[in-house]
């Protein structure tokens, strides 16, 4: 009661207190890729290595929008429908023959794609988007846009925020994605944290071990470094429904 009364004669603090109450009462839930359909409320689909790091770098390179899909054939059919679009993505890490780009943030960062629309299909990340059928709002995220994502999540004042940890699939532990989700959760809760301990879990995750292997063939040497550039971008990546399409965009300016 004393704490609340202290806010009465001030204009800004009641809003801050209201936001704090919403944050403290918010329920944070975490689901594996297989459980994605159970995710409710505002749903954040995480893929650090590499789908939503690559998507973020695509937006930085000038892409207008990204159309996430589940299947390889679906990607090709959508390109037939919209011949000017380009396809990026992979199947179990490897670029699909016929795709314009793979799933490399290093490669997409150098691509000439200003004003383009991209179709994205990946083994884990875009599957999480498609399966999140019960989301009230849907966002894609990775470490490179974590702070902007957290700011947006605060602005929603959601009762439930669900994270889909897409890396928990195909026998992988997904700890790189869980670390990102827990980092975003801490930011939403306005905890004073440093990202280093969370970032360290990327390299120690089962996927991280593969990407650190100098003999692996499907990851650009700069990809892991780019995936670890925490809070590199000031935008978040909401996904909206547009007719029969899902459309990912970049958005700025949430206070």
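Extending each Cα 7 Å along its Cβ direction at residue 212 and residue 35, get the distance between those two points in nm, one decimal.
Between residue 212 and residue 35, the label points sit 2.7 nm apart.
Treat the count of other C-beta atoms within 10 Å as a stand-in for reagent exposure and order 237, 219 from fewest to most.
Values: 237 25, 219 21.
Lowest to highest Cβ neighbour count: 219, 237.
Where does the chain land at 222 nm, in deg cm²/dmol rounded to the nearest 500, when only DSSP H runs of n ≥ 4 count, each adding -39500 (n - 2.57), divided by all residues?
Working: 11 runs with 95 residues, N = 255.
Taking each H run of at least 4 residues, the total per residue is -10500 deg cm²/dmol.
What's the extension gain from residue 133 to residue 157 if we count 0.36 nm per residue and subtract their Cα-Cα distance?
Using 0.36 nm per residue and subtracting the Cα-Cα distance, I get 6.6 nm.
Which whole-number percentage describes the relative contact order of segment 64-158, with Cα contacts under 8 Å and a sequence gap of 6 or more?
It comes to 33 percent, rounded to a whole number.
GNM on the chain, C-alpha springs below 10 Å: top fluctuator among 83, 195, 68?
Among 83, 195, 68, the largest mean-square fluctuation in the Gaussian network model of the chain belongs to 83.
Would you mind ranking 205, 25 by Cβ crowding within 10 Å, fewest neighbours first?
25, 205
Given springs between every Cα pair under 10 Å in a Gaussian network model of the chain, which of 180, 26, 227 has the largest fluctuation?
Sorting by GNM fluctuation, first place goes to 26.
Out of 150, 34, 197, any idea which swings most in a Gaussian network model of the chain, alpha carbons joined below 10 Å?
So, out of 150, 34, 197, the one fluctuating most is 197.
Could you tell me the calculated FRET efficiency between residue 64 and residue 24, based on Cβ-Cβ distance and R0 = 45 angstrom, to the nearest 0.05? Intermediate values should be presented prior to the final figure.
On the way: r = 38 Å, r/R0 = 0.84.
Result of the calculation: an efficiency of 0.75.
Do you know the relative contact order of the chain, to the nearest whole percent, from alpha carbon pairs under 8 angstrom that are 6+ apart?
29
Compute the helix-to-body angle for 51-60: its Cα long axis versus the longest principal axis of the chain, expressed 0 to 90° and rounded to tens.
Taking the Cα atoms of the chain, the angle to 51-60 is about 90 degrees.
Give the relative contact order (percent, whole number) for segment 148-255; include only Cα pairs under 8 Å separated by 6+ residues. Could the numbers behind the result be given before it?
Values: 104 pairs, mean separation 31.0, N = 108.
Worked out over segment 148-255, it gives 29 percent.
Between helix 13-25 and the chain, what is the angle of the helix's C-alpha long axis to the longest principal axis, kept within 0 to 90° and rounded to the nearest 10?
Once rounded, one gets 60 degrees.
For the chain, find the longest principal axis of its Cα atoms and tell me its angle to the long axis of helix 146-156, 0 to 90°, nearest 10.
On a 0 to 90 degree scale, this one is about 50.
Quick note: the coordinates plus some simple rules give every number you see, no bench work behind them. Source: prediction; values computed, not measured. Using ideal geometry, Cβ is built from the backbone for each residue, glycine included, and neighbour counts are taken over all protein chains shown.
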